[in-house]
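Asker: Can you read through this structure? Questions will come right after.
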Amino acid sequence: LGITIPSSVSALNNLTINNSNGVSINADVSLTTNLLFSAGKLITGSNKLILNSGATITGAGQGTGWVNGNLQRNFSNTNPGVFEIGDLNYYSPLTLTFSGLTVAGTVLGSTSAPDHPNISSSGIKAAKSINRYWTLTNSGVSFSTADISFNWNTADNDAGIIPGNLRLAKYSGSVWTRPAV
């Protein structure tokens, strides 16, 4: 069986995940030092793991584990920020780098499969896409530009996709835009 961290725990210095059934949190939890993945996922549900400044995640990967749910990173002088996230089945991290960061803040990240629920209005062909999307929520970070690298398991690919033909679309509110790639 998995392990559940009770809702009375709101902060941890270090956490090692070494349970193939995973570890769940029942409330938002702040991490001050390190999260180490050996075996299993950290399952947040609707809660979030909050990485305080200087906190790190090590060992994340398809074979070791990842944050299955919501991960919040602090951005001040810490650039880039890796979001060691995935869903129930696949590790699908992203790396976010800000240029011209002038105001510190936090970014909350998660990823979901399959296609985005509003893909039909995106201009992306749902049958020739990556069956996954990422959600980022900025809380206070002020910057000039941002670079994002997305990673996913090839099992998320629709049959017959041509990587060079993939396009990125951003959904904000109810509007799709195409950022420069």
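The values are calculated or read from the model by the stated rules, or taken from the named source; none is laboratory data. Keep in mind it's a predicted model, so treat the numbers as computed, not measured. Positions of Cβ are generated from backbone atoms using ideal geometry, with glycine treated the same way; all protein chains shown enter the neighbour counts. The area values use the complete protein model at the heavy-atom level, side chains included, leaving out ligands, DNA and RNA. Shrake-Rupley method; radii C 1.70, N 1.55, O 1.52, S 1.80 Å.
Asker: Could you grab the pairs with beta carbons closer than 8 Å, sequence gap of 6+ or different chains, first residue in the range 94-119 and closer than 19 Å to Asn70 by Cα and open to solvent by 20 Å² or more (accessible area, probe 1.4 Å), second one part of a loop (DSSP other than H, G, I, E, B) and of a type in the set (A, V, I, L, M)?
Answerer: Every condition considered, the pairs that remain are Thr106/Val141.
Asker: Filter the range 133-167 down to the residues that are more than 21 Å from Asn70 (Cα to Cα), in contact with a strand residue (DSSP E or B) (Cβ under 8 Å, 6 or more places away or on another chain) and assigned to a loop (DSSP other than H, G, I, E, B) and list them by number.
Answerer: Phe143, Ser144, Asp158, Ile161, Leu166, listed by residue number.
Asker: Right, something else. Which condition breaks for Asn138 when tested against (1) under 20 Å from the mean Cα position of the chain (by Cα); (2) farther than 19 Å from Asn165 by Cβ; (3) open to solvent by less than 50 Å² (accessible area, probe 1.4 Å)?
Answerer: Checking Asn138 against (1) under 20 Å from the mean Cα position of the chain (by Cα); (2) farther than 19 Å from Asn165 by Cβ; (3) open to solvent by less than 50 Å² (accessible area, probe 1.4 Å), the one that fails is (3).
Asker: Continuing with this model, one more query. Just wondering, is there one or more residues in the range 47-58 that are open to solvent by less than 30 Å² (accessible area, probe 1.4 Å), in a loop (DSSP other than H, G, I, E, B) and either of a type in the set (A, V, I, L, M) or modelled with pLDDT of 95 or more (or both)?
Answerer: Among the residues of the range 47-58, at least one is open to solvent by less than 30 Å² (accessible area, probe 1.4 Å), in a loop (DSSP other than H, G, I, E, B) and either of a type in the set (A, V, I, L, M) or modelled with pLDDT of 95 or more (or both), which makes the answer yes.
Asker: Another question, if that's okay. Identify, please: which residue in the range 120-132 is open to solvent by 50 Å² or more (accessible area, probe 1.4 Å) and either in contact with a Gly (Cβ under 6 Å, 6 or more places away or on another chain) or outside any loop (DSSP other than H, G, I, E, B) (or both) and is, among those, farthest from Asp158 (Cα to Cα)?
Answerer: Ranking the candidates gives Ser121 first.
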